[in-house]
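The values are calculated or read from the model by the stated rules, or taken from the named source; none is laboratory data. Predicted model, so just to flag it, every value in this text is computed and none were measured. All Cβ positions, even for glycine, are placed from backbone atoms using ideal geometry, and neighbour counts span all protein chains on display. Areas reflect the complete protein model, heavy atoms only, side chains present, ligands, DNA and RNA absent. Shrake-Rupley method; radii C 1.70, N 1.55, O 1.52, S 1.80 Å.
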Amino acid sequence: MKCIDCALESCGFDVHIWDYPSRSKYIEEHACDLVVFLQQLACCSPGRPIHFVTHSIGALILRSALNQPDCPYEAKIGKAVLIAPPNQGASLARRMRDVGLVRWALGKYSGWELMYFDPCNIALFGEFPCSMPVLVIAGQKGSSLFFRELNDGYLTVEETRLNTPYYFLSLPFTHGDLLYS
């Protein structure tokens with residue numbers, strides 16, 4: 001996210017990177033931590049919208065945070081850019097969950113959720129508020145080894161889609177390359 005941070009700061013945005021140890025908590029636990037951070041930002045600038053840029057599972061954490069009762073209003077009126085979000089889950093993670101190396105790499109918590117949660121489970125994190133414009137950016141330069149449809153190497157383009165209104169952009173990059181392109 002450092003490249004995105006630098007690009008946004010050079011455009012005059014006040015940027016705060018919220019870092020989280022993805023392998024040490026479940027998505028909803030991360031979401032509760034994010035709400036605390038958002039409350040602090042909102043207290044410093046009451047009424048000012050908080051905007052977001054997420055990558056991958058960060059989109060699910062944001063969705064869950066926005067649906068927490070204590071999430072500040074300022075977060076719900078901002079804009080969100082979701083880069084390679086597993087909004088419908090991650091079929092590759094589900095297919096590979098019995099591979100020891102994959103289980104180790106994804107970990108026990110939020111990674112476990114990606115390996116076992118299907119779109120119905122993911123929907124339990126809630127939806128983005130209708131007051132929030134959302135842009136989903138999907139990659140389409142992944143491998144045909146694991147997928148028969150457009151993908152970024154980890155997610156299919158279809159898995160990035162939301163169930164609520166949103167803007168969409170699909171680019172010829174892989175999951176990780178989207179952060180630098």
(request) Report, by residue number, each residue of the stretch 70-109 that is touching a helix residue (DSSP H, G or I) at 6+ places or on another chain (Cβ under 6 Å) and small (Gly, Ala, Ser). (result) Ala75, Ala84, Gly89, Ala90, Ala93
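Per-residue answers, yes or no, for (1) surrounded by fewer than 17 Cβ atoms within 10 Å (Cβ to Cβ); (2) at pLDDT 95 or above:
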| residue | (1), (2) |
| --- | --- |
| Asn67 | no, yes |
| Val102 | yes, no |
| Met115 | no, no |
| Phe128 | no, yes |
| Leu135 | yes, yes |
(request) Would you point out the residue of the stretch 139-152, among those that are of a type in the set (Gly, Ala, Ser) and surrounded by 13 or more Cβ atoms within 10 Å (Cβ to Cβ), that is farthest from the chain's Cα centre (by Cα)? (result) Gly142
(message) Given the condition open to solvent by 60 Å² or more (accessible area, probe 1.4 Å) and within 14 Å of the chain's Cα centre (by Cα), answer yes or no: does some residue in the stretch 42-53 qualify?
(response) yes
(request) Among residues belonging to the stretch 153-181 that are charged (D, E, K, R) and in a helix (DSSP H, G or I), point out the one that is most open to solvent (accessible area, probe 1.4 Å). (result) Glu158
(message) Can you say whether Pro85 is open to solvent by less than 10 Å² (accessible area, probe 1.4 Å) and either under 11 Å from Ile57 (Cβ atoms) or in a loop (DSSP other than H, G, I, E, B) (or both), as far as the supplied structure shows?
(response) yes
(request) Could you grab me the full set of residues in the stretch 9-34 that are outside any loop (DSSP other than H, G, I, E, B) and either among the hydroxyl-bearing types (Ser, Thr, Tyr) or closer than 29 Å to Leu114 by Cα (or both)? (result) Ser10, Ile27, Glu28, Glu29, His30, Ala31, Cys32, Asp33, Leu34
(message) Testing Phe13 on (1) open to solvent by 70 Å² or more (accessible area, probe 1.4 Å); (2) at pLDDT 95 or above, one condition comes back false. Which one is that?
(response) (2)
(message) Cβ-Cβ under 7 Å, sequence separation 6+ or interchain: first residue in the stretch 98-115 and under 18 Å from Ser64 (Cα atoms), partner of a type in the set (Gly, Ala, Ser) and surrounded by fewer than 16 Cβ atoms within 10 Å (Cβ to Cβ). Which pairs?
(response) Tyr109/Ser24
(request) Report yes if some residue within the stretch 35-53 is part of a helix (DSSP H, G or I) and touching a residue at least 60 places away in the same chain (Cβ under 8 Å); otherwise report no. (result) no
